[in-house]
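First the structure, in the form of structure tokens, and then the observations on it.
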Amino acid sequence: MKHIQKLFGAYRRLLYAHPICTQAVQSSILMGIGDIISQAIFEGKEIKNIDKGRVIRFAGIGLIFMVSVEVLSILC
């Protein structure tokens, strides 16, 4: 439990110091994991047969989209 608290504390410090970058990376990781789950469960692929290029593209979309949304929210 102590490791989880340390990890959460580090996340909160990063979020406070660099909110846009932290949220963009978080969004990218979650979208990449979501695509892996989608390929494994809904498309029935084994983990070794997952389309890695698609996962990277999907994670990249999450990264770019989150940065643009955050920048727009600051400007507006």
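Points to keep in mind about this one:
- With respect to the conditions (1) β-branched (Val, Ile, Thr); (2) exposed (fewer than 15 other Cβ atoms within 10 Å of the Cβ); (3) in contact (Cβ under 8 Å) with a residue 12 or more places away in the chain, VAL69 falls short on a single one, namely (3).
- Looking at GLN5, GLN23, just one residue is surrounded by 13 or more Cβ atoms within 10 Å (Cβ to Cβ) and of a type in the set (S, T, N, Q), and that residue is GLN23.
For (1) of a type in the set (Phe, Trp, Tyr); (2) in contact with a Pro (Cβ under 6 Å, 6 or more places away or on another chain); (3) modelled with pLDDT under 95, each residue gets a yes or a no:
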site	(1), (2), (3)
MET1	no, no, yes
ILE4	no, no, yes
TYR11	yes, no, yes
PRO19	no, no, yes
SER27	no, no, yes
ILE37	no, no, no
ALA40	no, no, no
ILE47	no, no, yes
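- Qualifying residue in segment 38-50 (condition: of a type outside the set (A, V, I, L, M), in contact with a Ser or Thr (Cβ under 9 Å, 6 or more places away or on another chain) and in a helix (DSSP H, G or I)): no
- Close pairs from segment 1-22: first in contact (Cβ under 8 Å) with a residue 12 or more places away in the chain, partner surrounded by 12 or more Cβ atoms within 10 Å (Cβ to Cβ) and of a type outside the set (A, V, I, L, M, F, W, C), Cβ under 6 Å, at least 6 apart: ILE20/GLU70
- Some residue of segment 49-63 being under 18 Å from GLN23 (Cα atoms), in contact (Cβ under 8 Å) with a residue 40 or more places away in the chain and surrounded by 14 or more Cβ atoms within 10 Å (Cβ to Cβ): no
- Taken together, the residues in segment 27-48 that are of a type in the set (D, E, K, R) and exposed (fewer than 13 other Cβ atoms within 10 Å of the Cβ) amount to 3.
The values are calculated or read from the model by the stated rules, or taken from the named source; none is laboratory data. Every value quoted in this text rests on a predicted model; they were computed, and no experiment measured them. Cβ coordinates were reconstructed from backbone atoms using ideal geometry, including for glycine residues, and neighbour counts include every protein chain displayed.
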